């Protein structure tokens, strides 16, 4: 795998974590602004944008899970008895395990 592909995959892997943190900050800021007064139209636009972005991130995350589980299945560097562990960990650990797997088996492979 080329270096730029590894970097792009790493960015795609870390993006949901950064999005989650940014969403928390944005929700806190929205709460502060709502306390000062907000029109229904503005609130409706914000909620619509939030729901769309969360649905996009949901699909993004599951796309990454599918990619990583396929990568585990095809990765010859992982012994067969450990592949079940990685598949289960990626499925249930999702955003906590994906960066670890990316670093161990994608970034470091062939000199990262």
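Express in whole angstrom the spacing between the alpha-carbon centres of the stretch 54-71 and the stretch 5-52.
Between the Cα centres of the stretch 54-71 and the stretch 5-52 lies a distance of 19 Å.
Testing the spin-label approximation: label points 7 Å from Cα along Cα→Cβ at residue 11 and residue 29. State their distance in nm.
2.2
Could you put 98, 21 in order, starting from the residue whose Cβ has the fewest other Cβ atoms within 10 Å? Spell out each step's value before the answer.
Numbers: 98 24, 21 10.
Listing 98, 21 from fewest to most nearby Cβ atoms yields 21, 98.
Which residue, 63, 37, 93, tops the fluctuation ranking in a GNM of the chain built on C-alpha contacts under 10 Å?
37
Ranked highest first by the average count of other Cβ atoms within 10 Å around their residues, in what order do 75-84, 11-20 fall?
11-20, 75-84
Taking only Cα atoms, what is the 0 to 90° angle, nearest 10, from helix 40-74's long axis to the longest principal axis of the chain?
0
How far, in degrees from 0 to 90, does helix 3-36 lean away from the longest principal axis of the Cα atoms of the chain, to the nearest 10?
The two axes meet at around 20 degrees.
Using only Cα atoms, tell me the angle between helix 80-101 and the longest principal axis of the chain; keep it within 0 to 90° and round to the nearest 10.
Here the helix axis deviates by roughly 30 degrees.
Using a 10 Å cut-off on Cβ atoms, rank the peptides 51-57, 86-92 from the highest mean neighbour count down. Present the calculation step by step, with values, prior to reporting the outcome.
Numbers: 51-57: 11.9, 86-92: 16.1.
Per-residue mean Cβ counts within 10 Å order the peptides as 86-92, 51-57.
Each value in this text was obtained by applying a stated rule to the coordinates, not by laboratory testing. Note that the coordinates shown come from a computational prediction; the quantities given were computed from them, not determined experimentally. Every residue, glycine as well, gets a Cβ built from its backbone with ideal geometry; the counts of neighbours run over all protein chains shown.
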